[in-house]
């Protein structure tokens, strides 16, 4: 098995794990900002003990600032994602993530200073009706959550492309990169907390009851490992391929939400058609990329 194939397998594993994040966001009773703050705090606390000192000292300061900036975007993305969960439901929040590849096809050539590939744009557009069928229909009383989720998808496309550029140009060690970016997200959410508390003094920051095990599972099981593996995978595959593969997240997320949260959605033929469209787009990309690169 070559490095690229291993990267795809690792990424698909990560996407399956991410399918649980919206479920956990619904189970945790905290609002979006304290939820994300605790998530990144627990991640940083765990990673600190595994950081190689030599790698910390050898990484250029300029690269640290770049990683911190990307981490701030990651924190904003998570705030939007869990804001969408709280404003609507887990199914709609994960479904909006299927638009990430559409934004990536438009933004990645500009951010990566590369040419637009027409087949990637076509695949990203193909995802959209698949997403609509998976969601089945949108209760427009939840439109605020849907819009916030779309903003989160846009941010995901941006920080994934920036991470790919950072990996290609500087190749920082994955552990250092994971810690620094998660620390950037922690800084951003910590700076936001006083302003949010000033406008909403009743906001609860302390987890209670089952919030603790769900937070630990979210931070250590569904964040640290997938984040690290994704950064490793991106050394061998493109940012667009990464974003396109994450379009399987709504498939896993909606099905898990129906099973675990009793968000019963009648899995009619339209749902399976949507799943089929998303699967075709995701799994056809590597073959199309190889074919057109060979033609070129």
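The values are calculated or read from the model by the stated rules, or taken from the named source; none is laboratory data. The structure presented is a predicted model; accordingly, all values stated were derived computationally and were not measured. Every residue, glycine among them, receives a Cβ derived from its backbone with ideal geometry; neighbour counts consider all protein chains shown.
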- Message: Conditions first: (1) at pLDDT 70 or above; (2) surrounded by 15 or more Cβ atoms within 10 Å (Cβ to Cβ); (3) farther than 30 Å from residue 2 by Cα. Residue 273 passes all but one, so which condition is the exception?
- Response: (2)
- Note on the structure: Considering residues that are modelled with pLDDT under 90 and more than 18 Å from residue 186 (Cα to Cα), the number found within the stretch 51-75 is 8
- Message: Going residue by residue through the stretch 236-246, is there one that turns out to be outside any helix (DSSP H, G or I), out of contact with any helix residue (DSSP H, G or I) (no Cβ under 6 Å at 6 or more places or on another chain) and surrounded by fewer than 14 Cβ atoms within 10 Å (Cβ to Cβ)?
- Response: no
